[in-house]
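**Q** Below is the structure I would like to discuss, written out as structure tokens.
The values are calculated or read from the model by the stated rules, or taken from the named source; none is laboratory data. Model, not experiment: these values are computed from the prediction. Heads up, the Cβs are rebuilt from the backbone with ideal geometry, glycines too, and the neighbour counts pull from every protein chain shown. All accessible areas refer to the heavy atoms of the entire protein, side chains included, with ligands and DNA or RNA removed. Shrake-Rupley method; radii C 1.70, N 1.55, O 1.52, S 1.80 Å.
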Amino acid sequence: EKGGYDHFMLKEINEQPKAYRDTMRGRLREGLSGVKLTELKVITPEVLREIRNVHIVACGTAYHAGLVGRSLIEHNVNIPVETDVASEYRYRKPIIKPDTLVIVVSQSGETADTLAALREAKRCGASVLAITNVVGSSVAREADDTIVTWAGPEIAVASTKAYTSQLIAFMLFSLYWAEQVESLSQEEIRHQLAAIEALPEQVELILSQEDQLKRVAEDMAKHNSLFFIGRGVDYAVSLEGSLKLKEISYIHSEAYPAGELKHGTLALIEEGVPVIALVTQPALIEKMISNMQEVTARGGRIFAIVDQAHKEQVAKTADEVFVLPTTLAHLSPALSVVPTQLIAYYASLALGHDVDKPRNLAKSVTVE
Ligand code: F6R
């Protein structure tokens, strides 16, 4: 049942190229001229043209996908987006209006807080779109429309392929919407779709380099605490990488926006502290390097996950680099998260933990 893999998590990490392709299947128009989302029946192009703001609501890993979703929608559709943790959103009196689109993201479609947020959004008259992996789940049944991620069953408690297929869903939805409101040119839409279509093969390339990540993970497993830093979507991926590591290896870690380190956290950086730096945003490269220098000046050791174009520049400050294939800056999370998943997996393995069933956690959280 594990298809020759030792754990479901490793199997599911390796299934990501297929999950990306399955989530794209049937949704790309001929010649990459646009995106087809025939499942949107209530949230029609006319409805999308009237939307003035977006709330993305989810828990845990799905919330981290929502942070990337925020930047994709802002980038492609030019509409303000807020992303919230469902258990916070419900209680802070969010301003939900009929021209608000609320997007709930849930792998299982059964998470209690996410479902309650969906109901609240509907009560306020907002349009509600679900992104879920389970057809016929509560979230799918109650939302106005649903975009299904075709990641296939996810058995390991730690979410991997469900998260990345949520990223693909956000990419496609943001381009579909961009076409309706003409926020991007045909040319630009085609350019992005070509880059999206290349992602599965690029993930395969990353997966083929797991030996390096295994070695790095075994080294990280000797430490009690480490940090993830990044800016922009690299920060969103830092949060996800840090959660995954905590969840299955029980190693304490924190994710920080790189520019925030010097506002307090830098006090914790001392000789030998491992720091995983996500460095994929060309516009932020100089700033990111100077944040990395703040770390190395205090003895911190940096493992950088960096895009092809900046590897030499970043290697001057990092102790070691892992090089990602080239994609568009705002699509990079679909690649950069994969090495962090493998680091979490191999760190957990090195420490002898139950990778697929971490202590204290359940796959589907139906209590509030
Ligand atoms: C972490 C993880 C959880 C879930 C969260 C929401 O690896 O899987 O953080 O993402 O419990 O679950 P869903 O997406 O089913 O609503």
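**Q** Rounded, prolate or oblate, given the Cα gyration tensor of the stretch 199-259, with a/c below 1.5 counting as rounded?
**A** oblate
**Q** Another question about this same structure. Can you work out the accessible area per residue across the chain, with the rest of the protein chains kept in place, probe 1.4 Å, in square angstrom?
**A** Ligands and nucleic acids excluded, the result is 40 Å² per residue.
**Q** Please list, by residue number, every one of the GluC sites (Glu not before Pro) in the stretch 120-189 that is coil in DSSP and has at most 14 other beta-carbon atoms within 10 Å.
**A** Answer by residue number: GLU182.
**Q** Got a sec? Charge dipole of the stretch 1-139, +1 on Cβ for Lys and Arg, -1 for Asp and Glu; which of ASN53, PHE8, VAL139 is way out at the positive end?
**A** ASN53
**Q** Report, to the nearest whole %, how much of the accessible area of the stretch 262-368 belongs to carbon and sulfur atoms, 1.4 Å probe, protein only.
**A** Of the solvent-accessible surface of the stretch 262-368, carbon and sulfur hold 52 percent.
**Q** Select from VAL275, VAL47, VAL105 the residue whose mean-square fluctuation is largest in a Gaussian network model of the chain (Cα-Cα springs shorter than 10 Å).
**A** Result: VAL47 has the largest fluctuation of those listed.
**Q** Taking only pairs that are 8 or more places apart or on different chains, how many Lys pairs in the stretch 232-368 have Cα atoms under 18 angstrom apart?
**A** 7
**Q** Cα centroids of the stretch 85-123 and the stretch 216-254: how far apart, whole angstrom?
**A** Cα centroid of the stretch 85-123 versus Cα centroid of the stretch 216-254: 28 Å apart.
**Q** Which order do peptides 259-266, 215-222 fall in by mean Cβ count within 10 Å, highest first?
**A** For the peptides 259-266, 215-222, the packing ranking is 215-222, 259-266.
**Q** Classify the chain from the C-alpha gyration tensor, please: rounded if a/c falls under 1.5, else prolate or oblate depending on whether a/b exceeds b/c.
**A** Cα axes put the chain in the prolate bin.
**Q** Roughly to the nearest percent, how much of the accessible area of the stretch 105-231 is carbon and sulfur, given a 1.4 Å probe?
**A** Summing carbon and sulfur atoms, their accessible area is 48 percent of the total for the stretch 105-231.
**Q** Determine the gain in length on full extension of the stretch HIS191-ARG52; use 0.36 nm per residue of separation and subtract their C-alpha separation, reporting nm with one decimal.
**A** Result for the pair: 47.4 nm of gain on full extension.
**Q** Using +1 on the beta carbon of Lys and Arg, -1 on that of Asp and Glu, and nothing else charged, what's the dipole of the chain about the Cα centre, debye to 20?
**A** Here the size comes out at about 500 debye.
**Q** Another one. Modelled label-to-label distance, ALA362 and LEU205, 7 Å Cα→beta-carbon offset: nm?
**A** Distance between label points: 4.3 nm.
**Q** Excluding same-chain residues fewer than 8 positions from LYS97, which lysines have a Cα within less than 28 Å of its Cα?
**A** Cross-link targets: LYS36, LYS41, LYS122.
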